[in-house]
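**Q** A single structure is presented below for examination.
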Amino acid sequence: MLYNEPSPLEVKVVTKRFGLPNSASLDTYLATDGFKAFFKAAGMTPEQIIEEVKVSALRGRGGAGFPTGLKWSFVPRTSPKPKYVIVNADESEPGTCKDRLLMENDPHQLIEGILIAGRAVDAHKGYIYIRGEYRYLIEHMDRAIAEAYARGYLGKNIQGTGFDFDVYTHSGAGAYECGEETALLDSIEGKRGIPRMKPPFPAVVGAWQSPTLLNNVETLCAIPAIIRDGGAAFAALGTPKNGGTRMICLSGHVNKPGVYELPVGFNLLRMIYEVGGGLPNGKKLKAVVPGGSSCPLLKADECDIAMDFDTLAKAKSMLGSGGTVILNEDTCMVKFALRIMKFYAHESCGWCIPCREGTAWLKKMLDRFHSGLGQKSDIPLIGELSKNMLGRTFCPLGDAAAMPTIAIVEKFPEDFEAHLNGNPCPYAHANEPAYA
Amino acid sequence: MSDLINLTIDGKPVQAAPGTLVINAARQAGIEIPSFCYYDGFTLQAACRMCLVEVEKTPKLQVGCTLPVAEGMVVRTDTPQVHEARKGMVEFLLTNHPLDCPVCDKGGECELQDMTFRYGMGESRFLEQKLHVDEQQWSPVVFYDRPRCILCYRCVRVCDEGMGVKALGVNNRGAVSVIVPNHFDHLQCDECGMCIDICPVGALTSGAYRYKTRPWEMKHVGTICTHCADGCKTTLGVRNNQIIRGNNRDHSGINGEFLCMKGRYAFDFVHSPERLQSPLLRRNGVLEPVSWAEALAAVAGKFKQIQARGGKFAVIGSNHTTNEEDFYLQSFAREVLGTNNIDHRRTGDVATLLHALSGQTDALATTADLYERKAILVIASDLAQQHPFLSYQIRANYRHHGAHIYTLTPGPVREQNYAVRSIITVPGRELADLEALREPLKGEPELVILFGDSIKGEAVGKLVQFGSSLAIPVRYVCLVDYSNSRGASDMGLAPNHGPGYQPVSEPGLAYDEILAAADLDALWVVGANPLKHGTLASAGAFVLVNDMFLTETAQRADVVFPAASAYEKNGTVTNVCGEVQHLKGGLQVMGAKPDLEIIGLIAREMGANVGIWSSDKVFEEIHSGVRGYNIPLPVIATGGAAQTTPVHVRVPVSARPELIQSARDTLFTSGSLGRYSKALNSVLEAPGELYSEKRP
Amino acid sequence: MTFSPELEARFAKLLESYPPGRTRSAVVPMLLYAQDEVGHISTELIEEVARRCKVAPLQVDEVVGYYSMLHRKPLGQHHVQVCTNISCLLRGGEELYEHASQALGVGNKEVTADGQFSLEEVECIGACSWAPAIQVNYDFHHFVTPEKLDRLIAELRKAQ
């Protein structure tokens, strides 16, 4: 089982079984409160379940941070059409590696979360859309699902509650865009992962033209605890309107990279220095990507900040998907911007003009710039072109490419200046050595 | 009109029906919101982002092509922010778009050029290398130049939604996304070229047109396609007396944006090296080119000689000649030659339908009805092959209005893909099998029935009885094959009736009887090829042929006059739904003359008077004298289509209905004419097949 | 085309997992699983998947070009995928990729002459906290150093 040394500062809710012997087995799960929430939910009305989730102030853990209870309430439960629960396990936001751990260490927690969601929206089928690269997790989840069926925790009349539910896994095949929920729907229907026009929203017209509840893995993994211990207890862990805990994936220039479950609203500097053990080799902090590559970077002096959705929004950044990447003073921000743009250009689905052409142009320009062939007018142009994408693309991928780029150009002009006049990258080969 | 929604666009108060998109509400108010991917009638894409507008109380720019109007909405299209956005979009588009406008077919007609001119920034800030991919040929008529493609997906949608073919898709992703054909490196489809017409840039180009001319060097002549009976408007691009292109320039015809392969590419027979350009006279058993004077003298002399001895004449007319020519020809036959031995190759039983509908009003469907009526029943025809425009209308009706489609055909047809009920039948059993549809059809509010050639004679009457018994409004279309098959019937190219289905006192010989008669003295064939399959029993008959080509029939002739094609003359034609439209000549082919003129010259040479042989004059006569043709003239004169009215008198039902037979042309054949079109014969799909299981 | 009984069983299960009439949903996983067995996605495979999922080959072809894990050309037996995205970049992912390229003697998306190895620079594979990371086929390797990579390549070579 993949997991890192826990930090004493962690508040273990969704990760509480991490590290237990056979944590992925149904026996372990049952021995540690497993399915208690499901039985409780079986005695609740859908309205009560949704209300409990609303009280928990749980917000979507995939990146957008939409209030989960509200999302559940949008699904027309009384629709005569079949309803579906789809789990977004297409984790691919650079910097993010938490859903992988949740599925690997505690698959039954996810299954229980799906069952409760299904009960809340009157769905009887659930699909876990797992990115193709996580093949071992598809097999792993399939084994857990088989175990749950064998023991009557999936299938017909689950544990005598009269509730029927089936869960399937579905493999992606390499496309970041499919993490966008409507693109995911096209993908699960066997098509190119092109985002759909909204409205209608997936809650009303989702997979196979039917009402569909789409949630991130971590979001659903929080559900059993919320139902079991009450929404209020979960909410109390975080800050107002930002309930519970968050799995933070610390990576980059930090001594103890790893995935840590911390209360929402945890201070970023404490995260870096107290949880992550600070930067290696005594280097100074230069910047932080707070929640995955789409989020505008914070400069070192902006990092004394509470990591919740609203506070980061005020700082013109985002909490995103919990991918917190630490950059030391030797990091070339031009190179970093280039790598981000290279990613978005590679992953743009190509549907709309500004994202398709904008990411490709910016990638080429940043590449040229980083190689020393930049000119002064390129610097404002990078920002302008990013702004020409911002808010004008079909789906948020264009924004995701534009936002960090705009932030980097604005916050680190000196790194750009340093590459002018044919100068080689001043930071060449400054990256930290790989871990032994 | 209280149900209209009030909004403001650029300070102008605008009213629009609920559900109207902002882009259309603005257009109604005379305010242009630019777009590439938005195309009326096809699914929304919101991909090109050219139509971004400001909407009060929403922070982000909104997409005008997907945003429905709302009460009190305040839209601004003329703000710095909107201008910046458009400029930015055009700039993005031009990054990888090659600026090869000087050699691009689309130059001068290109929407990207126009958008750049109006909304672009005039200089390029793109210093990087453009993506390049080599041009691909997908079929003899479709080429794809990826770098020019702006990925608006119009082609994909017109092929899927419009044509029901789904031959185009999108592959790869991001900046290297690409449109792809359905067979990996080539297309197998209808070859309609709709994708080319609808392409806003020069990404999809036409095999027939590419690199031939600049659009402004051509004269654009809107006329009616001379192939099938649907009567589509095609705009001929003519330069130096040569047709370079057929397309759908202004979408002003009944066919809107539609054209099939024939309307778009099969004009090329006009310039076939096999075109006859001089009269031919048989001397010593050999057809030799002679002067018009010599040929006319020979024909007039022969005709007068036969007339003088009371000999027997027969005339076979055409499915392609104009109403005026047909009217004039039958006048000549009946008045000068004194014979009712006149017919044409009949491909549908129009006369019996008109007879059966006598007394009913509103019982003949227009092409527009196929798009508007709530239910459609197709009997015994593979519309997508035989009547591609009618098929297109029905598909659009299904798509836009959810029309209920029923099919009763001898094999699979495209309409089945969206029909509520489909029955496979065998010819002759249609009426019996139709009973299975009686109950569902009774539940429809209205119906259009289209029927093919296996419904003829008595069966037509029974079909109309069936229609009447449904107790709902029913309109009919009797399917016929060619561009003026309907006109030939209406104008009286028939042994038992004259123009407007006036009965004749002594019916003459029908088509096969003419060929079978052993005692003909003279046979005049105008624009037809009866000897392609049949033989002429009267071995000694003098045979005169008007034709464009030396067909099997022309080869048997004693005199051949080189006829002009439909694209070389004026006149009117009547389509399968009885809609009369104006033909406009776009060019002249040296040596050939319109049949009207040829007939007139023969009459003059014989000293006979059949009236002035100008198409306008003859049309006046048709308009005033032929039942059903008292149609509004301004509509015709302005390039519109006016439907003929039914004839509420006893119509002599078809003589020998068993002769009625469709030639079963496909999308890639067109009777004898089709043989002379290189384009039609060049495509992989030719000659095609009706009721084929094979899908593109 | 014929596949192993295991793959056939997987296909059967896959086709059953979607709502009735929604066999198209199986296209992407079916392509991926089939590629794992037959090595790459050929025209023949596209037509086979189209037939099994009851769609036009074009609809399958469109998908193949979209997903980055689907390959039209054969890969090496061991497909070495080096992540160079931000978290790995900061931990020497690019240097690792360069090293892999030199060690294997091939560039991005190229295959060694003996067909044993292929190399690809990939986007984030979800191993950010254990960077730099690579995947060989579907197996993750975390905290990879050039030395570890050399050892891994040598082991894989030996296992042949």
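**Q** Give me the one-decimal nm value for the distance between modelled label points at B:Lys87 and B:Thr361, 7 Å along each residue's Cα-to-Cβ direction.
**A** 6.1
**Q** Taking N as the number of residues in the protein assembly as shown, what value does Rg over Cα atoms divided by 2.2 N^0.38 Å take?
**A** My calculation over the Cα atoms of the protein assembly as shown gives 1.10.
**Q** If you average the C-alpha positions of region A:304-360 and of region B:571-588 separately, how far apart do those two centres end up, in angstrom?
**A** 62
**Q** Something else now. Gain in length, B:Val74 to B:Asn609, computed as 0.36 nm per residue apart minus the alpha-carbon separation, to one decimal in nm?
**A** 185.6 nm
**Q** Straight-line reach only, C-alpha to C-alpha below 24 angstrom: list the lysines that A:Lys342 could link to, leaving out same-chain residues fewer than 8 apart.
**A** A:Lys98, A:Lys286, A:Lys299, A:Lys316, A:Lys363, A:Lys364, A:Lys376, A:Lys387, A:Lys411, B:Lys130, C:Lys73, C:Lys109
**Q** Cross-link partners among lysines for B:Lys302, C-alpha distance below 29 Å, same-chain residues fewer than 8 apart left out?
**A** Here the lysines satisfying the reach criterion relative to B:Lys302 are B:Lys312, B:Lys532, B:Lys569, B:Lys593, B:Lys617.
**Q** Using only C-alpha positions, report the orientation-averaged shadow area of the convex hull of region B:248-388, nm², one decimal.
**A** Projected over every direction and averaged, the Cα hull of region B:248-388 covers 14.0 nm².
**Q** Under the Kirkwood approximation applied to all pairs of distinct alpha-carbon atoms, what is the hydrodynamic radius of region B:378-439 in Å?
**A** Evaluated over region B:378-439, this radius sits at 11.8 Å.
**Q** Provide B:Tyr398, B:Tyr328 in ascending order of the number of other Cβ atoms located within 10 Å of each residue's Cβ, fewest first.
**A** Least to most surrounded, the residues fall as B:Tyr398, B:Tyr328.
**Q** How big is the gap, in Å, between the Cα center of region C:86-148 and the Cα center of region B:333-347?
**A** Region C:86-148 and region B:333-347 have Cα centres spaced 85 Å from each other.
**Q** Between rounded, prolate and oblate, where does region B:96-229 land on the alpha carbon gyration tensor, with a ≥ b ≥ c its root eigenvalues, rounded for a/c under 1.5, else prolate if a/b exceeds b/c?
**A** oblate
**Q** Taking 0.36 nm per residue of sequence separation and subtracting the Cα-Cα distance, how much length would be gained by fully extending the chain between B:Ser252 and B:Thr535, in nm to one decimal?
**A** Full-extension gain reported as 97.5 nm.
**Q** Can you give the direction-averaged projected area of the convex hull of the alpha-carbon atoms in region A:313-436, in nm²?
**A** 8.4
**Q** Once chain A is represented by equal point scatterers at the alpha-carbon sites, with solvent omitted, what log10 I(q)/I(0) does the Debye formula produce at q = 0.06, 0.08 Å⁻¹?
**A** Debye intensities relative to I(0), on a log10 scale: -0.25, -0.44.
**Q** Output the relative contact order of chain B, whole-number percent, from Cα pairs under 8 angstrom with separation of 6+ residues.
**A** Reported relative contact order: 15 percent.
**Q** Still on this structure: Dipole magnitude of region A:70-216 about its Cα centre, charges +1 at Lys/Arg Cβ and -1 at Asp/Glu Cβ only, in debye to the nearest 20?
**A** Dipole about the Cα centre, nearest 20: 500 debye.
**Q** When the helix-only estimate is applied to chain A (DSSP H runs of n ≥ 4, each -39,500 (n - 2.57), divided by the residue count), what is the mean residue ellipticity at 222 nm, nearest 500 deg cm²/dmol?
**A** Helices in chain A give a 222 nm mean residue ellipticity of -11000 deg cm²/dmol.
**Q** A further question follows. What whole-number distance in Å separates the alpha-carbon centres of region B:196-246 and region A:1-72?
**A** 65
**Q** Need one number: the % of Cα-Cα pairs in region C:5-160 sitting beyond the 19 Å mark.
**A** 58
**Q** Take the Cα gyration tensor of region B:380-508, multiply each eigenvalue by 5, square-root it, and list the three semi-axes largest first, rounded to whole angstrom.
**A** The three semi-axes for region B:380-508 are 28, 17, 14 Å.
**Q** If I stretch the segment between B:Gln137 and B:Leu4 completely, what's the gain in nm (0.36 nm per residue apart, minus their alpha carbon distance), one decimal?
**A** Extra length available between B:Gln137 and B:Leu4 comes to 43.0 nm.
**Q** List the aspartates and glutamates whose alpha-carbon lies under 17 Å from that of B:Lys442, not counting same-chain residues fewer than 8 positions away?
**A** In chain and number order, the partners are B:Asp433.
**Q** Over region A:264-420, what relative contact order in percent results from Cα pairs under 8 Å that are six or more residues apart?
**A** Normalised by residue count, the contact order of region A:264-420 is 23 percent.
**Q** Explain nothing, just the number: relative contact order of region B:369-443, from Cα pairs under 8 Å at least 6 residues apart, as a whole percent.
**A** About 28 percent, as a whole number.
**Q** Sticking with this one: Once you treat every alpha carbon in region B:3-139 as an equal point and sum by Debye, what is log10 I(q)/I(0) at q = 0.21 Å⁻¹?
**A** Values returned for q = 0.21 Å⁻¹ are -1.27.
**Q** Related question: So the label point goes 7 Å from the Cα of B:Arg438 along Cα→C-beta, right? Which residues of region B:398-415 then have their backbone N under 17 Å from it?
**A** Once the point is set 7 Å along Cα→Cβ of B:Arg438, nothing inside region B:398-415 turns out to lie under 17 Å by backbone N.
**Q** Based on DSSP H runs of at least 4 residues, each adding -39500 (n - 2.57), what is the mean residue ellipticity at 222 nm of chain C after dividing by all its residues, to the nearest 500 deg cm²/dmol?
**A** For chain C, the value works out to -14000 deg cm²/dmol.
**Q** Using the count of nearby Cβ atoms within 10 Å as a rough guide to exposure, how do C:Phe140, C:Phe3 rank from fewest to most?
**A** Ranking C:Phe140, C:Phe3 by Cβ neighbours within 10 Å, fewest first, gives C:Phe3, C:Phe140.
**Q** Another question about this same structure. Once you put a point 7 Å from the Cα of B:His648 and another 7 Å from the Cα of A:Asp166, both along the Cβ direction, what distance in nm separates them?
**A** Each label point is offset 7 Å from its Cα along the Cβ direction, giving 6.3 nm.
**Q** Between C:Lys13 and A:His124, how many nm apart are label points set 7 Å from Cα along the C-beta direction?
**A** Simple spin-label model gives 2.3 nm for this pair.
**Q** Moving on. Would you work out the charge dipole size for the protein assembly as shown about its Cα centre, treating the Cβ of every Lys and Arg as +1 and the Cβ of every Asp and Glu as -1, and quote it to the nearest 20 debye?
**A** The dipole of the protein assembly as shown has a size of about 760 debye.
**Q** Continuing with this model, one more query. With point charges of +1 on the Cβ of Lys and Arg and -1 on the Cβ of Asp and Glu, referenced to the Cα centre of region B:469-553, which listed residue (B:Leu536, B:Cys478, B:Ala517) lies farthest in the positive direction of the dipole?
**A** The listed residue farthest towards the positive side: B:Cys478.
**Q** First measure r as the distance between the Cβ atoms of A:Glu384 and C:Glu37, then evaluate 1/(1 + (r/R0)^6) with R0 = 51 Å and state the FRET efficiency to the nearest 0.05.
**A** E(calc), rounded to 0.05, equals 0.55.
**Q** Now a separate question. Which order results if C:Ser68, B:Ser291 are arranged by neighbouring Cβ count within 10 Å, fewest first?
**A** With the fewest neighbours first, C:Ser68, B:Ser291 line up as B:Ser291, C:Ser68.
**Q** Which is farthest toward the positive dipole end of region B:332-380 among B:Leu364, B:Leu353, B:Leu377, measuring Cα position about the Cα centre, with Cβ charges +1 (Lys, Arg) and -1 (Asp, Glu)?
**A** Of the options given, the answer is B:Leu377.
**Q** Sticking with this one: How long is chain B along each principal axis, judged by its Cα atoms, biggest number first, in Å?
**A** Result for chain B: principal-axis Cα extents of 92, 58, 46 Å.
**Q** Suppose R0 equals 56 Å. What FRET efficiency, 1/(1 + (r/R0)^6) with r the Cβ-Cβ distance, do A:Lys299 and B:Thr213 give to the nearest 0.05?
**A** 0.40
**Q** Next question, about the same structure. At a Förster radius of 41 Å, what calculated FRET efficiency corresponds to the Cβ-Cβ distance of B:Thr43 and A:Leu373, to the nearest 0.05?
**A** 0.40
**Q** Now for a different question. Helix-derived [θ] at 222 nm for chain B: sum -39500 (n - 2.57) over DSSP H runs of at least 4, divide by residue count, nearest 500?
**A** Taken over chain B, the calculation gives -7000 deg cm²/dmol.
**Q** Restricting to the protein assembly as shown, compute how many DSSP beta bridges are antiparallel as a %, nearest 5.
**A** In the protein assembly as shown, DSSP labels about 50 percent of beta bridges as antiparallel.
**Q** Taking the Cα centre of region B:536-624 as origin, sum charge times position over the Cβ atoms of Lys and Arg (+1) and Asp and Glu (-1), and report the length of that vector in debye to the nearest 20.
**A** 100
Throughout, read-outs are computed from the coordinates displayed, never taken from laboratory work. Quick caveat, the model's predicted, so the values are computed rather than measured. Here the Cβ is made from the backbone with ideal geometry for all residues, glycine too, and neighbour counts use every protein chain on show.
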